[in-house]
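The structure appears below as structure tokens.
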Amino acid sequence: MEFNVKSGLPEKQRTACIIVGIYENQVLSDAAKRIDSVSKNYLSTILQRGDLTGKLGQTLLLHNVPNVTANRVLLVGCGTDINNSQYCKIITSAVKSLNNTGIAEAVCYLTDLDVSEHDIAWKIRQAVEITQATTYVFDQFKTKPDKPNLQKIVFSASSQRDVAKKAYLEAQKIANGVKLTKDLGNLPSNVCTPSYLADQAKDLAKAHSKLTCKVLDKAAIKKVGMNTLLAVAQGSNETPKLITLEYKNGGKKAPIVLVGKGVTFDSGGISIKPSKAMDEMKYDMCGAASILGTMSVLAELELSINVVAIIPSVENMPSGTAIKPGDIVTSLSGQTVEILNTDAEGRLILCDALTYAERYKPEVVIDVATLTGACVVALGSHAIGLLGNDDTLIQDLLKAGESSGDRAWQLPLWDEYQQYIDSPFADMANIGNREAGTITAACFLSRFTEKYQWAHLDIAGTAWITGKNKGATGRPVALLIQYLLNKCS
Ligand code: BES
Ligand code: MN
Ligand code: ZN
């Protein structure tokens, strides 16, 4: 998809389609008013027939509107006062309805609508990201992929052209990172293995001079002493990898460390999962994918900052060599873990990666993981679960989520929950009872993050959608990039 911004009168656009807003009760937006007046009330006449009231998300496509240079005019219902999420709905419905036509190129005036508390930069950025998301297809494995019609959208910025231009260039880079994350997530686990993720990280480092990649193989991981990571990997024929990708553009500043769960398939291991929807456990590396996407955006935006990505990657399988419930393993931190459930594997690879993060003397550490089914139950597919040991970091992440539209919600990490993971035989167990599963998982991680400021994003409910539109969402790349952009400003 190609994007641009321009200022110019709607009636004068030589394009396949212009897109204008209609508010509730058929109140015309500024662009719609111009079209109505040059076309001698053509729009108001049509609206009087009642085909579009202006309700949020309605659309109506008109052809050959008199005295308008564009071939078509798409009317989009805007409701009354437009807030954050209503704006996103308006853009989504506009793009969806274009998708069902033969339109290759359009000029969109919805970016000129007033949205409470948001400027043109925000409106352009959201519009670009939403358009990219709405037109995304994953057809690498289709022998006869459908050709999409829509190729280009130009967004109107009636004022502040320079600001708008900067916003669309930035947004396009972010959208590309989101796409990389989705593509990696959607790949099946017979393609996307730990070695494949490592190769992707190496490719990113080859493409950007400020990125360097180092991959530890099984022998090197063993030498470091990451035994809980190796314990998860030992049931699989896929060899584990510890991937690090460093972005250096911030002088002597302490780095921000991002850790992503990279389980390329989570069968549950000996504590095997039920077969229903087990295919979706190919998405158990979406944390890793979001970190790779974020690193690629960072390199494209050339932010003045130091960031280190650490990605522990394994496959979790049952076999004669797999870990068994009751096994006890010594983590890199020296703490021992009784593995009561081999399906609670994410925390076992993350805990060693989080200990490994100490050697970078980080300013903060943020981990991203499809960690608990309980998070899906608690927050559904809208909010990311957020826990951590530092209130400033938590607030910064909540704020970045709000403004990027990639929202998180904090859950408590109180000491009272720590006792759930007591073990009679080791320093801790890897599961609690059925209560508060997202929190007890974070409690487990908290025991490996005491030396720095840390936050944990549980993306189990938000990393992909299920059902007939099954697919990765690319979350939380937008949140992480917003957090990093805020750090630099
Ligand atoms: N990858 C899963 C979490 C998950 C499940 C994400 C479903 C999205 C949808 C994780 O490794 C897991 O299996 N967690 C267990 C933990 C339990 C055994 C304490 C879970 O949530 O059931
Ligand atoms: Mn699991
Ligand atoms: Zn898992």
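Please work out if Glu315 is within 16 Å of ligand 1 (Cβ to nearest atom) and under 20 Å from Cys192 (Cβ atoms).
Numbers: within 16 Å of ligand 1 (Cβ to nearest atom): yes; under 20 Å from Cys192 (Cβ atoms): yes.
So Glu315 fits the description; yes.
Quick one: count up the residues across region 173-225 that are hydroxyl-bearing (Ser, Thr, Tyr), touching a Leu at 6+ places or on another chain (Cβ under 9 Å) and either in a helix (DSSP H, G or I) or closer than 23 Å to Ala369 by Cβ (or both).
First, pick out the residues of region 173-225 that are hydroxyl-bearing (Ser, Thr, Tyr): 181, 189, 193, 195-196, 209, 212.
Restricting the remaining residues to those that are touching a Leu at 6+ places or on another chain (Cβ under 9 Å) gives 181, 196, 212.
Then keep just the ones that are either in a helix (DSSP H, G or I) or closer than 23 Å to Ala369 by Cβ (or both); that gives 181, 196.
Of the residues in region 173-225, 2 are hydroxyl-bearing (Ser, Thr, Tyr), touching a Leu at 6+ places or on another chain (Cβ under 9 Å) and either in a helix (DSSP H, G or I) or closer than 23 Å to Ala369 by Cβ (or both).
Across region 261-318, what is the total count of residues that are surrounded by 24 or more Cβ atoms within 10 Å (Cβ to Cβ) and among the aromatic types (Phe, Trp, Tyr)? Write out each step before concluding.
At the first step, the residues of region 261-318 found to be surrounded by 24 or more Cβ atoms within 10 Å (Cβ to Cβ) are 261-264, 266-267, 269, 283-298, 307, 309-316.
Those left that are additionally among the aromatic types (Phe, Trp, Tyr): 283.
Of the residues in region 261-318, 1 are surrounded by 24 or more Cβ atoms within 10 Å (Cβ to Cβ) and among the aromatic types (Phe, Trp, Tyr).
Of everything in region 288-316, what is among the small types (Gly, Ala, Ser) and within 16 Å of ligand 2 (Cβ to nearest atom)? Give them in sequence order. Explain how you work it out, then say what you get.
Let us first name the residues in region 288-316 that are among the small types (Gly, Ala, Ser), namely 288-290, 293, 296, 299, 304, 309, 313.
Those that are among the small types (Gly, Ala, Ser) and within 16 Å of ligand 2 (Cβ to nearest atom): Ala288, Ser313.
Which residue pairs have Cβ atoms under 6 Å apart, sit 6 or more places apart or on different chains, and have a first residue in region 375-401 that is closer than 17 Å to Val477 by Cβ and a second that is within 16 Å of ligand 2 (Cβ to nearest atom) and assigned to a loop (DSSP other than H, G, I, E, B)?
Ser381/Gly461; Ile384/Ile459
Within region 451-489, track down each residue that is of a type in the set (Lys, Arg) and either touching a Pro at 6+ places or on another chain (Cβ under 7 Å) or in a loop (DSSP other than H, G, I, E, B) (or both). First the steps, then the outcome.
Here is the first cut: in region 451-489, the residues of a type in the set (Lys, Arg) are 451, 468, 470, 475, 487.
Once the filter is applied, which keeps residues that are of a type in the set (Lys, Arg) and either touching a Pro at 6+ places or on another chain (Cβ under 7 Å) or in a loop (DSSP other than H, G, I, E, B) (or both), region 451-489 yields Lys451, Lys468, Lys470, Arg475.
Tell me, which strands (runs of 3 or more DSSP E) lie completely within region 239-298 with 1 or more residues that are within 16 Å of ligand 1 (Cβ to nearest atom)? Reasoning before the result, please.
Values: elements: 241-248, 256-260, 262-266.
The strands (runs of 3 or more DSSP E) meeting that bar are 256-260, 262-266.
Matching residues to (1) under 30 Å from the mean Cα position of the chain (by Cα); (2) buried (at least 20 other Cβ atoms within 10 Å of the Cβ):
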| residue | (1), (2) |
| --- | --- |
| Val38 | no, no |
| Leu43 | no, yes |
| Gly50 | no, no |
| Gly54 | no, yes |
| Gly57 | yes, no |
| Asn67 | no, no |
| Ala70 | no, yes |
| Asn84 | yes, no |
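Which condition does Ala231 not pass, out of (1) closer than 24 Å to Pro362 by Cα; (2) within 16 Å of ligand 3 (Cβ to nearest atom), if it passes all the others?
Every listed condition holds for Ala231 apart from (1).
Mind listing just one residue for me: the one in region 277-307 that is within 16 Å of ligand 3 (Cβ to nearest atom) and more than 15 Å from the chain's Cα centre (by Cα) and, of those, nearest to Thr181 (Cα to Cα)?
Result: Lys282.
With respect to Leu75, determine if the residue is part of a strand (DSSP E or B), of a type outside the set (Ser, Thr, Tyr) and crowded, with 19+ Cβ neighbours inside 10 Å. First the steps, then the outcome.
Numbers: part of a strand (DSSP E or B): yes; of a type outside the set (Ser, Thr, Tyr): yes; crowded, with 19+ Cβ neighbours inside 10 Å: yes.
In short, yes.
Please identify the pairs in which a residue from region 410-438 that is assigned by TED's automatic domain parsing to the domain that holds Ile459 and without any contact (Cβ under 8 Å) to a residue 24 or more places away in the chain has its Cβ atom under 8 Å from the Cβ atom of a residue that is part of a helix (DSSP H, G or I) and away from ligand 3 (no atom under 16 Å from the Cβ), counting only partners at least 6 apart or on another chain.
Tyr420/Cys443; Ile421/Cys443; Gly432/Tyr417; Gly432/Tyr420; Gly432/Ile421; Gly432/Cys443; Asn433/Tyr420; Glu435/Tyr420
Within region 325-354, take every residue that is outside any loop (DSSP other than H, G, I, E, B) and surrounded by fewer than 23 Cβ atoms within 10 Å (Cβ to Cβ) and give me the one that is nearest to ligand 1 (Cβ to nearest atom).
Step one: list which residues in region 325-354 are outside any loop (DSSP other than H, G, I, E, B), which gives 327-330, 336-339, 346-354.
Pick out the ones that are also surrounded by fewer than 23 Cβ atoms within 10 Å (Cβ to Cβ) and you get 327-330, 336, 338.
Details: Asp327: 15, Ile328: 17, Val329: 16, Thr330: 21, Thr336: 18, Glu338: 13 Å.
Filtering region 325-354 for residues that are outside any loop (DSSP other than H, G, I, E, B) and surrounded by fewer than 23 Cβ atoms within 10 Å (Cβ to Cβ), the one nearest to ligand 1 (Cβ to nearest atom) comes out as Glu338.
In a loop (DSSP other than H, G, I, E, B), of a type outside the set (S, T, N, Q) and more than 12 Å from ligand 2 (Cβ to nearest atom), is that true of Ala322? Don't jump to the end; show me each part of the working.
Working: in a loop (DSSP other than H, G, I, E, B): yes; of a type outside the set (S, T, N, Q): yes; more than 12 Å from ligand 2 (Cβ to nearest atom): yes.
Yes: the conditions hold for Ala322.
Residue check: is Ala277 within 16 Å of ligand 2 (Cβ to nearest atom) and at positive phi?
Details: within 16 Å of ligand 2 (Cβ to nearest atom): yes; at positive phi: yes.
Taking the combined requirement at face value, the residue satisfies it.
Of the conditions (1) over 22 Å from Lys468 (Cα atoms); (2) assigned to a helix (DSSP H, G or I); (3) free of Cβ contacts under 8 Å to residues at least 40 places away in the same chain, Ser116 clears all except one; give me its number.
(2)
Considering only residues that are of a type outside the set (D, E, K, R) and in contact with a Leu (Cβ under 8 Å, 6 or more places away or on another chain), which ones fall in region 251-274? Before the answer, list the steps.
Filtering region 251-274 for residues of a type outside the set (D, E, K, R) gives 251, 254-260, 262-265, 267-272, 274.
Residues satisfying the conditions are Ile256, Leu258, Val259, Gly260, Gly262, Thr264.
Does Leu47 qualify as being without any contact (Cβ under 8 Å) to a residue 40 or more places away in the chain and in a strand (DSSP E or B)? Steps first, please.
Details: without any contact (Cβ under 8 Å) to a residue 40 or more places away in the chain: yes; in a strand (DSSP E or B): no.
No; evaluated as a whole, the condition is false for this residue.
Starting from residues that are out of contact with any strand residue (DSSP E or B) (no Cβ under 6 Å at 6 or more places or on another chain), outside any strand (DSSP E or B) and under 17 Å from Ile91 (Cα atoms), keep the ones in region 1-29 and report whichever is modelled with the highest pLDDT.
Glu24
Does region 146-162 contain at least one residue that is assigned to a helix (DSSP H, G or I) and either modelled with pLDDT of 95 or more or over 25 Å from Leu292 (Cα atoms) (or both)? I'd like the intermediate steps shown before the answer.
Within region 146-162, the first condition is being assigned to a helix (DSSP H, G or I), and the residues that meet it are 161-162.
Restricting the remaining residues to those that are either modelled with pLDDT of 95 or more or over 25 Å from Leu292 (Cα atoms) (or both) gives 161-162.
Within region 146-162, one or more residues are assigned to a helix (DSSP H, G or I) and either modelled with pLDDT of 95 or more or over 25 Å from Leu292 (Cα atoms) (or both).
Hey, among Ala357, Ala344, which residue is at pLDDT 95 or above, of a type outside the set (S, T, N, Q) and either within 15 Å of ligand 3 (Cβ to nearest atom) or touching a helix residue (DSSP H, G or I) at 6+ places or on another chain (Cβ under 8 Å) (or both)? Break it down stepwise before answering.
Working: Ala357 fails: either within 15 Å of ligand 3 (Cβ to nearest atom) or touching a helix residue (DSSP H, G or I) at 6+ places or on another chain (Cβ under 8 Å) (or both).
That would be Ala344, the only listed residue that is at pLDDT 95 or above, of a type outside the set (S, T, N, Q) and either within 15 Å of ligand 3 (Cβ to nearest atom) or touching a helix residue (DSSP H, G or I) at 6+ places or on another chain (Cβ under 8 Å) (or both).
The values are calculated or read from the model by the stated rules, or taken from the named source; none is laboratory data. Here the structure is a predicted model, which is why all the values come from computation and not from measurement. Cβ: placed from backbone, ideal geometry, glycine included. Neighbour counts: every protein chain shown.
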